[in-house]
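A quick write-up on the structure given underneath.
The values are calculated or read from the model by the stated rules, or taken from the named source; none is laboratory data. Being a predicted model, the structure only gives us computed values, none of them experimental. Glycine gets a Cβ as well: all are built from the backbone with ideal geometry, and neighbour counts include every protein chain shown.
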There are 2 protein chains.
Amino acid sequence: MKTLTNTSVPNHKVTIVDVANEAGVSFATVSRVLNNSAHVKPETRARVLSAMERLGFVANRQARSLAGGKTNCIGLLVPDLGTGYIGEIIRGIDAELTLRGIDLILYTTHRTASKEANYVANLATGMVDGLLLVLPRNPTDYIGTLTRRNFPFVLIDHQGTGQDCPAVGATNWQGAYEATEYLIKLGHRRIGFITGSMDLGCAQDRLAGYRAALRTYHIPEDPNLVYEGTFFQPDGYAGASAFLDLPDPPTAIFASNDVMAMGAMDAIRNRGLRIPDDISVLGFDDIPQASLIRPALTTVQQPLEKMGRLAAQMLLDLLENPAQKVERIELPTKLIIRESCQPPRQAD
Amino acid sequence: MKTLTNTSVPNHKVTIVDVANEAGVSFATVSRVLNNSAHVKPETRARVLSAMERLGFVANRQARSLAGGKTNCIGLLVPDLGTGYIGEIIRGIDAELTLRGIDLILYTTHRTASKEANYVANLATGMVDGLLLVLPRNPTDYIGTLTRRNFPFVLIDHQGTGQDCPAVGATNWQGAYEATEYLIKLGHRRIGFITGSMDLGCAQDRLAGYRAALRTYHIPEDPNLVYEGTFFQPDGYAGASAFLDLPDPPTAIFASNDVMAMGAMDAIRNRGLRIPDDISVLGFDDIPQASLIRPALTTVQQPLEKMGRLAAQMLLDLLENPAQKVERIELPTKLIIRESCQPPRQAD
DNA sequence: CTGTTAGCGCTTTCAT
DNA sequence: ATGAAAGCGCTAACAG
């Protein structure tokens, strides 16, 4: 059984003053060493470092930040942790942050816009050096404030509503377009579409992609074939049920995310219909379980982990060089063909 | 387009001094109001409160904590975010913490014991007021230090290795016992068991529960029918494959978590076998996707969200009253019967 | 290169 | 019930 940081004095907190005494320098010098200031004689630096080691010194984060330095924390706002979707993004963020020794403060907004704004206000008051916002709800509410304050942040998975701010997303429009096109080329003419929360840019883009593909192939859009959901599984169930109740139900259903696609599958099966024999289902995201369910879900893959990693990199760059040019990056989506789609039963 | 905290002075940070001036009191009084001190005349309090409101005052966390108080942050150490399992626990923790306005600092150890110890050492130095450790790896390494320092923490999902410290877990032994018993009563005699990481208490307990049930029903244990996994999906695949290669393969497979159960399902299907017709599969955890896959997974449910919530409550209580008696709570598991198990094909 | 001196925004005695 | 004053541990000019 090993012991942790097995130093002599366990109670009294070791401060830079203690280190300074131990090393025989002023505490300012210790601070310099702490901050990698160039103006320290290597020999002195070594002495300080060894004193730190000996005393088991750990810098006090709050004090550093209060005094005007960095907190070495960045804040992460996510809507929730439920679906694995966010988990993938966080994995990427985390990988990048760990690499640079930066801590992550996590806030779950539970999809409440007011909470989101509140958190942002709070965080930007010094808790963190920068902000990562996943699937922001009403960014317009606070982006202005953040920008004005020159507070570094980057949006993840939000196709802006015209605002010019750092963001990384995926090619939602393109992804939806290609998926719809795939369905059409399979022979489908009546394709039900279940949207996400339409206040989210990505949801709008996906719907737009679907519509564009329909237009390209001269398929008139049937309003009955678009069901407005909110990215939750029950929406998928309800949407598919509504489609199936139609006198002329679709031969394929394209859900704006995998979770809703799974809900749709459930509804379809509950009617005694089979996938993909009777009806095809296509999702969006490619969350881990998409490949685990049967039939394995054909879906549009978003490079979630990569998006997270990239966003973290962008933020870190912004932190180092605030004058950085604003970048908006869209990572490519990719249609992953698995088992849930096939040509419609009766060729028309 | 609304504006956030639409106050007059956007740049200069509002401090208690500003509030004090605005309210015509000393800044000490403002501090008292901030801390709900009893010794403030209601009228004065009201005046200060309204001044805060007017100025859009937000207390600076670092300053409060530096000045001797709490950080109002608690640290959460988790192995990873991959499976939804952890997500559920966090959801519970988060619910409780949000209620009390406490922030969450998230650390992902990626199942590395050394990282874990490191994080703990760092965090216990003032970053956070308390620690929540999910599925701790080598708690023996640091529990001693933590206890000695009187640093509040609670373990989640770790059946102690004899140490007396606050913890919340589930009845892993019981859960595995009942699940195995269910399989036996269904008529199964050859039941393959895929273990979790055997350095984790919960994994050991589940295996023990399985064995105990076998013993109760006088079924001799076949070493070939126990495959050692690590809680990851590929282990389930490999384990099931190994079982299926046996001259006398099992008629049911009990995996120590749902993710491995899904891996097992994959392997089974890849052999052209059907679930549950040819072979039954049973999991553990009841993660969200367990009910979404087909066949829906019969599994042992852990009250994940509740565990998280309870652990947070315990920690918060500990924070308020450090003299608290050490508690170890085990929440009951529950067998959720769905579609992945049925009696074995040929009654022997 | 290194030491001195002010604060950062707040909590907390100690007076009043 | 309220004010004054002394730090919490550290960074950041400013001197030397």
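Checking each residue in the stretch A:67-85 for being without any contact (Cβ under 8 Å) to a residue 60 or more places away in the chain and over 25 Å from B:L123 (Cα atoms) picks out A:P79, A:G82.
Scanning the stretch A:252-276 for residues that are surrounded by fewer than 24 Cβ atoms within 10 Å (Cβ to Cβ) and in contact (Cβ under 8 Å) with a residue 40 or more places away in the chain yields A:I275, A:P276. Taking (1) within 14 Å of chain B (Cβ to nearest Cβ); (2) more than 28 Å from B:M260 (Cβ to Cβ) in turn, A:I293 satisfies each apart from (2). When the stretch B:277-292 is filtered for residues that are part of a loop (DSSP other than H, G, I, E, B) and surrounded by 22 or more Cβ atoms within 10 Å (Cβ to Cβ), the ones remaining, listed by number, are B:I279, B:D286, B:I287. If you go through the stretch A:65-109 and keep only what is among the polar types (S, T, N, Q) and at the interface with chain B (Cβ under 9 Å from one of its Cβ atoms), you end up with A:S65, A:T71, A:T83, A:T98, A:T108. Within the stretch A:286-307, the set of residues being touching a strand residue (DSSP E or B) at 6+ places or on another chain (Cβ under 7 Å) and closer than 30 Å to A:V128 by Cα comprises A:Q302, A:P303, A:K306, A:M307. I'm checking my understanding of the structure. Among residues of the stretch B:36-55 that are within 18 Å of A:N122 (Cβ to Cβ) and within 12 Å of DNA strand C (Cβ to nearest atom), which one is surrounded by the most Cβ atoms within 10 Å (Cβ to Cβ)? Here the answer is B:M52.
Selection of first residues in the stretch B:46-66 that are closer than 9 Å to B:V19 by Cα and of second residues that are small (G, A, S) and within 12 Å of DNA strand D (Cβ to nearest atom), restricted to Cβ pairs under 6 Å at least 6 apart or on distinct chains, gives the following pairs, ordered by first then second residue: B:V48/B:A23; B:A51/B:A23. Summed over the stretch A:130-145, the residues that are under 20 Å from A:R111 (Cβ atoms) and either of a type in the set (A, V, I, L, M, F, W, C) or away from every other protein chain (no Cβ under 14 Å) (or both) give a count of 6. Evaluate the following for A:T112: is it facing another protein chain (nearest Cβ under 9 Å) and more than 16 Å from DNA strand D (Cβ to nearest atom)? Here the answer is no, as A:T112 does not meet what is asked. Looking only at the stretch B:292-337, residues that are under 22 Å from B:D94 (Cβ atoms), touching a Lys or Arg at 6+ places or on another chain (Cβ under 7 Å) and not acidic (D, E) come to 4 in all. Among the conditions (1) surrounded by 24 or more Cβ atoms within 10 Å (Cβ to Cβ); (2) under 16 Å from B:I336 (Cβ atoms); (3) within 14 Å of chain A (Cβ to nearest Cβ), B:A240 misses just one, which is (2).
Does any residue of the stretch B:159-169 turn out to be of a type in the set (A, V, I, L, M), in contact with a Lys or Arg (Cβ under 6 Å, 6 or more places away or on another chain) and at pLDDT 85 or above? So far as the stretch B:159-169 goes, yes, one or more of its residues are of a type in the set (A, V, I, L, M), in contact with a Lys or Arg (Cβ under 6 Å, 6 or more places away or on another chain) and at pLDDT 85 or above. In the set A:P139, A:P152, only one residue is in contact with a helix residue (DSSP H, G or I) (Cβ under 6 Å, 6 or more places away or on another chain) and more than 23 Å from A:G283 (Cα to Cα); that residue is A:P152. No other residue among B:R345, B:R338 is in a loop (DSSP other than H, G, I, E, B), surrounded by fewer than 21 Cβ atoms within 10 Å (Cβ to Cβ) and modelled with pLDDT of 95 or more apart from B:R338.
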